[in-house]
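The values are calculated or read from the model by the stated rules, or taken from the named source; none is laboratory data. What you see is a predicted model; the values in this text were computed from it and never measured. With ideal geometry, Cβ positions are generated from the backbone for all residues, glycine too; neighbour counts draw on all protein chains shown.
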Amino acid sequence: MDTLITSRNKEHYKVRQVGLEHLDQLMAWRKTALEEMAGYPTHHEMYALLAANRAYYEAAIVQEQHIACFAYEDDIPVACGGMCIQSELPSFNNPQGKNAYLVNIYTTPAHRGMGAGQAVVEWLVEQARIRNIEKVYLETTPLGRELFETAGFVDYNGFMHRTCADPLNQ
């Protein structure tokens, strides 16, 4: 059974942006998050997906199209997250045409419910605000829903998703 230490809160964690100097660490955390979300795919599927993720990080971090961070407790990473910065056709609800898509929000099991994930999400939303991005969205699992609701995210009626192809099986 998990023990919740209620004396800890999000101010307890320090969130820092990381770049390519932390690429191996980002990849290790990404692999863990993928395994937890999707189970354990075949070795070939995971290898191909991680190679695509590495290429994405190498290009997007340099071009400032991806902001990655870790939340630290006593200089030990306990949560991570990322923000993909994208352009879209300007509209009434997004006249600037910029949006941020939060991804890879992951907290170690021992730190869940203690504010580390909340600190990451709030830090990423602030990074969007600094960049004048008003539209921030994400997809979540049932495990993460409460965290994002606490951070002010709501279901957006009418948002739909369709997968057109599975690139790993082509």
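Output yes when any residue across the range 82-103 is hydroxyl-bearing (Ser, Thr, Tyr), within 14 Å of the chain's Cα centre (by Cα) and within 24 Å of LEU20 (Cβ to Cβ), and no when none is.
Within the range 82-103, one or more residues are hydroxyl-bearing (Ser, Thr, Tyr), within 14 Å of the chain's Cα centre (by Cα) and within 24 Å of LEU20 (Cβ to Cβ).
Here is a list: ALA60, ALA33. Which entry is among the small types (Gly, Ala, Ser), closer than 23 Å to LEU143 by Cβ, surrounded by 14 or more Cβ atoms within 10 Å (Cβ to Cβ) and modelled with pLDDT of 85 or more?
Of ALA60, ALA33, the one residue that is among the small types (Gly, Ala, Ser), closer than 23 Å to LEU143 by Cβ, surrounded by 14 or more Cβ atoms within 10 Å (Cβ to Cβ) and modelled with pLDDT of 85 or more is ALA33.
Please enumerate the residues belonging to the range 36-77 that are β-branched (Val, Ile, Thr) and closer than 30 Å to ASN132 by Cβ.
Hits for the range 36-77 are ILE61, VAL62, ILE67.
Restricted to the range 107-151, and to residues that are at pLDDT below 90 and β-branched (Val, Ile, Thr), which residue is surrounded by the fewest Cβ atoms within 10 Å (Cβ to Cβ)?
Result: THR141.
Among the strands (runs of 3 or more DSSP E) confined wholly to the range 38-140, which include 1 or more residues that are among the acidic types (Asp, Glu)?
Answer list for the range 38-140: 66-73.
Within the range 101-149, can you find the residues that are out of contact with any Ser or Thr (no Cβ under 8 Å at 6 or more places or on another chain) and among the aromatic types (Phe, Trp, Tyr)?
Once the filter is applied, which keeps residues that are out of contact with any Ser or Thr (no Cβ under 8 Å at 6 or more places or on another chain) and among the aromatic types (Phe, Trp, Tyr), the range 101-149 yields TYR101, TRP123, TYR137.
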